[in-house]
Structure formats: structure tokens, C-alpha cells
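Chemist: Okay, here's the structure, questions in a sec.
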Amino acid sequence: MKNKEKKQRSVPFKIFRVIGIVLLVIIVAFAGLIGFLSATEYRPKEKEEVEIQGNVSSTLSVGDSFKIMSWNIGYGALGDNADFFMDGGTSVKTADTERVNSNMQGIINEITKESPDIFFLQEADKNSSRSNHINELGLIQDVFSGYNNSFANNFKVAYLPYPVPPMGKVDSGIATFSSFGTTSAERIQLPVPFSWPVRMANLKRCLLVSRVKIENSDKELVLVNLHLEAYDDGEGKIAQTKMLSDFLSSEAEKGNYVIAGGDFNQIFSSADTSAYPAQEGKWAAGEIDVNEFGGDWQFLMDSSVPSCRSLDQPYENADKDTFQYYLIDGFIVSKNIEVESFENVDMGFVCSDHNPVVLNAKLG
């Protein structure tokens, strides 16, 4: 009888022991993950010189016209078939290898067709799980070998454990290509709105600043490629926009020609967005008050064509009339540059969740 009672008492003990071991394994695994993310966290300096690849020496002169294009290429995996969990969709992995290659070919074809003198890219992957480890930057570099190009990481995580299934490794950033000789390129770190430990596995957004010599002048064409905050509570966007404004003002005060372009993840307050009203429950863009930049700037967004679409659902079979669209890609241009034309190119979001934006300009 005593042995039976002893055996009965030992059953709960064994259960608690198993639970304890499981909890210990979870705690050790979590601690290991935090330690790994901490050890591998991407920690860029406030300012870093960026390597310029290519051998281009041509220059611009006052009075010259040129074409500049900007495109968030959605890491080659956010075509019209895709939805994404961060925008209210369900998917994490949004494209297989064949689809990524197809999207990238479409992107390369469109850039070739437009034949810009300068182009900015955002969300260009080098070696990421989400794009099947295809070197997208390398594909573009191979085709556009007649350009100088520079690249700056803004998303570099050895392993992103979120969500389920996890995104895994991310190695991505922004790239600037120029058919004019680039004298220097610099990565400037923007404020990071996330604190530890979220910060370790999040984007470290930046400005990629490239400089082009103006012939027979002590002035420069300053090119600022950017991709500002998307998923913060709003404070990050404000801080990053303020830093951008301060930088642009400092360059304008030198008399330089300045163009900042890319994915602002915000609407210019001067833009007409009446055709794209915000829908309840969808990701909402912030707003940049253009008056806070002063009167020396031209803010360009083309309201005739949306520059971005929501990723809460795939686009290919959706009702296009009720879809959520955005106007968040464009350019800020200094007043000493004449804007000859500006447009969003309607690509039907086949290759990316963004449309390219194209500016024809002239040095005044």
C-alpha cells in the first residue's frame, strides 16, 4: 500500500519535472536567440563612406537636361500575386525563385526602356531568404555596367525570427546608379525609432548621398536616395523627415543642386490625394508638411497614377476600383533645378507593389 501511494505521489512530480525541463529549454533557446541577434546586430556608424563601383567620368554642365528615376522594387517578391502580413495580409514568403526572377526581369526591362541617366532603387536584396537568396543588386549591376553605382544597407539581419514561419536572413538596402561620374558616396544613418530588443531585428534606415561634379563650377549635384520609416508610431517618420530637411537645407545653402527621391512612406501635404482616400483598417501613410522645409523646394508627387498599392490582399484578381492605393513616392528638388516633367509610370503593380516615378530636369 505504501509503495502504491509513493508511486501515485511521484506522478505529479514527473509531470512538473517535464514541464520544468520544457520551460528551461524555451528560456535557454530564447536567451540564445537574443544573444545571437545581439552579437550579429547591424550597427552602422552615423556616417560611412560607400564604395563606388563602375568607371564613369562624364560630368554635367549648367543648362544640361537629364532623366532621373526612382523605384521601390519590393525586393523582387511583391508582384501582383503578393499580399504581406505587415500590411494586413497573411503571407510571409510571397514569391518562389521563378517569380522573383520574372519580377526582376520586368524591373530591368522597364529601367532599360526608360533609360534614365540616374536611377534610385529601394528594397534591393543581395542575399535574403524572402527573395530566395537571389542577388538582385548583382543582376542590375550586370545589366547596367555602364553606370557608377553605390549601395547602402538599411535592413541587415542574420536571422529574423518573426513571424511564423520566420522571415529568416535579410540583406537589403538602397542603391543609386548614375551615368555621370560620382565623386563620392556616403551613408548617413537616420534615427531608429525602435528600442532594444526590437531594434536588433529591424531596419536601420539611412540616406544614401551621392555627389556629381558640375563642369566649370564649384557646385555639385547632390543626389539623396531614401526609404523612410513605415511601421513606427509616427515619431520615427517625424525625426527622420526633420533630419532629411536639415541635410537638404545645409546643401542648398552651399548653392548645390539637390534632388532627394525615393519611398517617403508619407504624403506631401501639397499633393492631391483625393483619388486615394484612406480606408479604415488599412495601413495609413503619414504626411510631410512641405511648409516646414521652407520655400526653396519643389515637392513632386503625381496624383494621376498611384505610386503604391496595399499588400493586404493580392492585386491580380482584386477589384481595382475599391483597392487601397497610396501616393508616397516622389522627389524633393531644389529651386535652382528646372522641372521639365514628372510622372508616375503605371506598371500595373505586376513586378512590385510600387510604380516607378520619373523626373526630367535641367540644371538652372
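Chemist: How many residues, within region 213-254, are more than 17 Å from ILE332 (Cβ to Cβ), in contact with a strand residue (DSSP E or B) (Cβ under 9 Å, 6 or more places away or on another chain) and outside any loop (DSSP other than H, G, I, E, B)?
Modeler: Total meeting the criteria: 2.
Chemist: Still on this structure, I have one more. With the requirement that a residue be among the aromatic types (Phe, Trp, Tyr) and assigned to a strand (DSSP E or B), what does region 140-165 give you?
Modeler: Listed by number, the residues that qualify are PHE151, PHE155, TYR159.
Chemist: Let me ask something additional. Being over 30 Å from TYR162 (Cβ atoms), part of a loop (DSSP other than H, G, I, E, B) and not aromatic (Phe, Trp, Tyr) is the requirement here; does SER91 meet it?
Modeler: No; evaluated as a whole, the condition is false for this residue.
Chemist: Against the conditions (1) touching a strand residue (DSSP E or B) at 6+ places or on another chain (Cβ under 7 Å); (2) under 25 Å from ILE188 (Cβ atoms); (3) surrounded by fewer than 17 Cβ atoms within 10 Å (Cβ to Cβ), where does SER341 fall short? Just the number, please.
Modeler: (2)
Chemist: Out of all the residues in region 206-227, which are surrounded by fewer than 23 Cβ atoms within 10 Å (Cβ to Cβ) and either hydroxyl-bearing (Ser, Thr, Tyr) or within 20 Å of SER249 (Cβ to Cβ) (or both)?
Modeler: ARG211, ILE214, SER217, ASP218, LYS219, GLU220, VAL222, VAL224
Chemist: Now a separate question. Search region 60-73 for residues that are within 24 Å of ASN344 (Cβ to Cβ) and open to solvent by 10 Å² or more (accessible area, probe 1.4 Å) and pair each with any residue that is assigned to a strand (DSSP E or B) and among the basic types (Lys, Arg) when their beta-carbon atoms are under 8 Å apart and the residues are at least 6 apart or on different chains.
Modeler: Short answer, once both residue conditions are applied: SER65/LYS362.
Chemist: Here is a follow-up. Exactly one condition in (1) modelled with pLDDT of 95 or more; (2) open to solvent by 40 Å² or more (accessible area, probe 1.4 Å) is not met by GLU110; state its number.
Modeler: All conditions are met except number (2).
Chemist: Return a yes/no flag: does region 281-294 have any residue that is within 20 Å of the chain's Cα centre (by Cα), more than 21 Å from PHE84 (Cα to Cα) and not β-branched (Val, Ile, Thr).
Modeler: Taking every residue of region 281-294 in turn, at least one turns out to be within 20 Å of the chain's Cα centre (by Cα), more than 21 Å from PHE84 (Cα to Cα) and not β-branched (Val, Ile, Thr).
Chemist: Then there is this: Yes or no: region 288-303 includes at least one residue that is touching an Asp or Glu at 6+ places or on another chain (Cβ under 6 Å), of a type in the set (D, E, K, R) and at pLDDT 95 or above.
Modeler: There is at least one residue in region 288-303 that is touching an Asp or Glu at 6+ places or on another chain (Cβ under 6 Å), of a type in the set (D, E, K, R) and at pLDDT 95 or above.
Chemist: So, one more: For region 169-205, name all the residues that are within 23 Å of HIS133 (Cβ to Cβ) and outside any loop (DSSP other than H, G, I, E, B).
Modeler: LYS169, VAL170, ASP171, SER172, GLY173, ILE174, ALA175, PHE177, MET200, ALA201
Chemist: Could you please find all residues in region 182-205 being at pLDDT below 95 and either closer than 20 Å to LYS67 by Cβ or open to solvent by less than 10 Å² (accessible area, probe 1.4 Å) (or both)?
Modeler: Passing the criteria: only MET200.
The values are calculated or read from the model by the stated rules, or taken from the named source; none is laboratory data. These numbers come from a predicted model, not from an experiment. Using ideal geometry, Cβ is built from the backbone for each residue, glycine included, and neighbour counts are taken over all protein chains shown. Keep in mind that these areas ignore ligands, DNA and RNA; they rest on the heavy atoms of the full protein, side chains included. Shrake-Rupley method; radii C 1.70, N 1.55, O 1.52, S 1.80 Å.
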